[in-house]
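Below is one structure, written out as structure tokens; comments come after it.
Derivation of every value follows stated rules applied to the coordinates shown; laboratory data play no part. Small disclaimer: the values here were computed from a predicted structure and weren't measured. Reconstructed Cβ throughout: ideal geometry from the backbone, glycine too, with neighbour counts over all protein chains shown.
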Amino acid sequence: MGKNRTAPKTIDEYIKTFPGDIQDKLKAMRKTVHAAAPEAEEKISYQMPTFYLKGNLVHFAAFKKHIGFYPAPSGIQAFKNDLSVYKSSKGAVQFPIDKPLPLALVSKIVRFRVFENNAKFKAK
């Protein structure tokens, strides 16, 4: 986490703990996710900015050398070819701090996750 030691309660508080250039990237991620999932609720979960829609949709977070994006394992799997240029794991992908964020791809993944969460909710 950035400078401040207390856990942030809002995404705004989270973003403010980072230097300006990182704040810009986090704001771009937030804006992109919000545009792709306007009905999702913002919260902090696992001490990360989280978008919630009938369950966790996506999380993102800033680290020393990357922005972590967490679209659940299904989001990584569905876009594994597009994400192959990034370091990733089962449920996370790392976008290097020194490169532009792939916001169009983030938007596609978020829309996929909205569809998935809505479908899961309807199935219940």
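Key figures for this structure:
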{"quantity": "Residue selected from region 43-88 under the condition among the charged types (D, E, K, R) and out of contact with any helix residue (DSSP H, G or I) (no Cβ under 6 Å at 6 or more places or on another chain), by the criterion nearest to PRO100 (Cα to Cα)", "calculated": "LYS65"}
{"quantity": "Test: PRO73 is part of a loop (DSSP other than H, G, I, E, B) and on the phi < 0 side of the Ramachandran plot", "calculated": "no"}
{"quantity": "Checklist (1) surrounded by fewer than 12 Cβ atoms within 10 Å (Cβ to Cβ); (2) acidic (Asp, Glu); (3) closer than 21 Å to LYS16 by Cα applied to GLU42, failing item", "calculated": "(1)"}
{"quantity": "Output for region 9-42, where each listed residue is assigned to a strand (DSSP E or B) and touching a helix residue (DSSP H, G or I) at 6+ places or on another chain (Cβ under 8 Å)", "calculated": "GLU42"}
{"quantity": "Residues located in region 99-124, provided they are within 16 Å of LYS27 (Cα to Cα) and assigned to a loop (DSSP other than H, G, I, E, B)", "calculated": "LYS99, PRO100, LEU101, PRO102"}
{"quantity": "Condition met for ILE67 (without any contact (Cβ under 8 Å) to a residue 40 or more places away in the chain, among the β-branched types (Val, Ile, Thr) and at negative phi)", "calculated": "no"}
{"quantity": "Leading residue by the ranking (farthest from GLU42 (Cα to Cα)) among those in region 76-86 that are out of contact with any Ser or Thr (no Cβ under 9 Å at 6 or more places or on another chain) and part of a helix (DSSP H, G or I)", "calculated": "ASN81"}
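Per-residue answers, yes or no, for (1) touching a Leu at 6+ places or on another chain (Cβ under 7 Å); (2) in contact (Cβ under 8 Å) with a residue 40 or more places away in the chain; (3) surrounded by fewer than 18 Cβ atoms within 10 Å (Cβ to Cβ); (4) among the charged types (D, E, K, R):
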residue: ILE15; (1), (2), (3), (4): yes, no, no, no
residue: ILE76; (1), (2), (3), (4): yes, no, no, no
residue: LEU103; (1), (2), (3), (4): no, yes, yes, no
residue: ILE109; (1), (2), (3), (4): no, yes, no, no
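Results for (1) surrounded by 15 or more Cβ atoms within 10 Å (Cβ to Cβ); (2) under 15 Å from the mean Cα position of the chain (by Cα), shown as yes or no for each residue.
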residue	(1), (2)
PRO19	no, no
LYS31	no, yes
PRO38	no, yes
TYR46	no, yes
PRO49	yes, yes
GLY55	no, yes
PRO73	no, yes
ASN81	no, no
